[in-house]
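Report on the structure given below.
The values are calculated or read from the model by the stated rules, or taken from the named source; none is laboratory data. Quantities reported herein were computed from a predicted structural model and do not represent experimental measurements. Positions of Cβ are generated from backbone atoms using ideal geometry, with glycine treated the same way; all protein chains shown enter the neighbour counts.
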Amino acid sequence: MKALTVPSGWKLFATLAGLTLLMTALVLAAQPLGSDGLRSAIRATARSSFALFVLTFLASSLVAFLPGPGSRRVLRERRYLGLAFAFSHTVHGLLIYRYAQQFPELFWAGRTATSSLPGSIGYLFLLLLTLTSFKAPMRLLGSRAWKALHSTGMWVLAAVFCLSFYKRIPMGGWYPLAFAVMFAAVALKLTAKLASYQRRVTTAPSTSSLS
Ligand code: HEM
């Protein structure tokens, strides 16, 4: 019998995108068409986005802290995991649009344009990161600007996830755990960055030894 292999590259993206659509369809089908079903699907897609985002965000740190074939694989697939996150979050956005159109009074209850600002900025970065994930715009930007944009964008998105979970902590349920996971991911990434900086500083040839 042929062993089940995890797809890679665009096949991995297509599989994850298909699973996101299947999950959304199942969540919508499980409830009568209405505001509750849409909100459940919005929450479900936020959660699939969260899982894919954390993997993409931590890909390089995992290789540093847990070197092995699994973490190297995640790092190799980072681009496709990131694009799958963008896909899942596009579905989140489309569902939010539908919810706002169909139930404006529910959508705007307790929400203002200002309170939606962090999420909207998050979407702006998501768009920029997605567009620049392809070769031509990547080349156009140049490697320094590309790195700066992608690093800033990932930190902005991490901050939006932190904020989204933080404001829901009083609701209990899984929100305190989700916030703790996002917070721990930020701490792990910062520690990996610091360790890599220190390694570079200690292995760089000192200028005095060259003179
Ligand atoms: C990058 C941007 C965004 C991120 C990372 C994000 C993330 C999240 C998260 C983590 C949740 C909670 C999921 C859960 O219940 O476990 C959520 C739910 C939700 N988000 Fe987003 N979101 C973003 C943008 C937006 C924007 C711009 C809006 C609307 C203006 C929005 C509207 C909603 C709504 C209506 C819910 C469901 C609330 C509920 O039924 O409890 N989101 N989002």
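Taking residues in the stretch 85-97 that are within 14 Å of Leu128 (Cβ to Cβ) and modelled with pLDDT of 95 or more, and partners anywhere that are of a type in the set (Val, Ile, Thr) and surrounded by fewer than 20 Cβ atoms within 10 Å (Cβ to Cβ), the pairs with Cβ atoms closer than 8 Å and at least 6 places apart or on different chains are Ala86/Thr130.
Residue under question is Leu55, and the condition is that it be part of a helix (DSSP H, G or I) and more than 16 Å from the ligand (Cβ to nearest atom); does it hold?
Working: part of a helix (DSSP H, G or I): yes; more than 16 Å from the ligand (Cβ to nearest atom): no.
Answer is no for this residue.
Here is the figure for the stretch 79-117: residues that are touching a Leu at 6+ places or on another chain (Cβ under 8 Å), more than 30 Å from Trp10 (Cα to Cα) and surrounded by 14 or more Cβ atoms within 10 Å (Cβ to Cβ) total 2. The number of residues in the stretch 88-120 being more than 8 Å from the ligand (Cβ to nearest atom) and in a helix (DSSP H, G or I) comes to 14. Condition first: polar (S, T, N, Q), at pLDDT 95 or above, under 16 Å from His89 (Cβ atoms) and out of contact with any helix residue (DSSP H, G or I) (no Cβ under 7 Å at 6 or more places or on another chain). Can you find one or more residues in the stretch 110-130 that meet it? Yes; the residues of the stretch 110-130 include at least one that is polar (S, T, N, Q), at pLDDT 95 or above, under 16 Å from His89 (Cβ atoms) and out of contact with any helix residue (DSSP H, G or I) (no Cβ under 7 Å at 6 or more places or on another chain).
A count restricted to the stretch 168-211 and to residues that are at pLDDT 95 or above, assigned to a loop (DSSP other than H, G, I, E, B) and among the polar types (S, T, N, Q) stands at 0. Considering every residue within the stretch 44-57, establish whether at least one is surrounded by fewer than 17 Cβ atoms within 10 Å (Cβ to Cβ) and touching a helix residue (DSSP H, G or I) at 6+ places or on another chain (Cβ under 7 Å). No, the stretch 44-57 contains no residue that is surrounded by fewer than 17 Cβ atoms within 10 Å (Cβ to Cβ) and touching a helix residue (DSSP H, G or I) at 6+ places or on another chain (Cβ under 7 Å). Look at the stretch 25-42: where a residue is under 13 Å from Leu106 (Cβ atoms) and without any contact (Cβ under 8 Å) to a residue 60 or more places away in the chain and a partner is within 13 Å of the ligand (Cβ to nearest atom) and not in a loop (DSSP other than H, G, I, E, B), sitting 6+ places away or on another chain with Cβ atoms under 7 Å, you get Ile42/His92; Ile42/Leu95; Ile42/Ile96; Ile42/Tyr99. Do we have Arg72 as surrounded by fewer than 17 Cβ atoms within 10 Å (Cβ to Cβ) and of a type outside the set (Phe, Trp, Tyr) here? Against the criterion (surrounded by fewer than 17 Cβ atoms within 10 Å (Cβ to Cβ) and of a type outside the set (Phe, Trp, Tyr)), Arg72 qualifies. Restricting attention to the stretch 143-165 and to residues that are of a type in the set (Phe, Trp, Tyr) and within 10 Å of the ligand (Cβ to nearest atom), the residue that is surrounded by the most Cβ atoms within 10 Å (Cβ to Cβ) turns out to be Phe161. Of all the listed residues (Arg47, Arg43), the sole one being under 17 Å from the mean Cα position of the chain (by Cα) and under 12 Å from Ser88 (Cβ atoms) is Arg47. Given (1) within 12 Å of the ligand (Cβ to nearest atom); (2) under 21 Å from the mean Cα position of the chain (by Cα); (3) of a type outside the set (S, T, N, Q); (4) surrounded by 14 or more Cβ atoms within 10 Å (Cβ to Cβ), where does Trp174 come up short, assuming only one miss? Status for Trp174: all satisfied but (4).
Does Ser133 qualify as being surrounded by 13 or more Cβ atoms within 10 Å (Cβ to Cβ) and assigned to a loop (DSSP other than H, G, I, E, B)? So Ser133 fits the description; yes.
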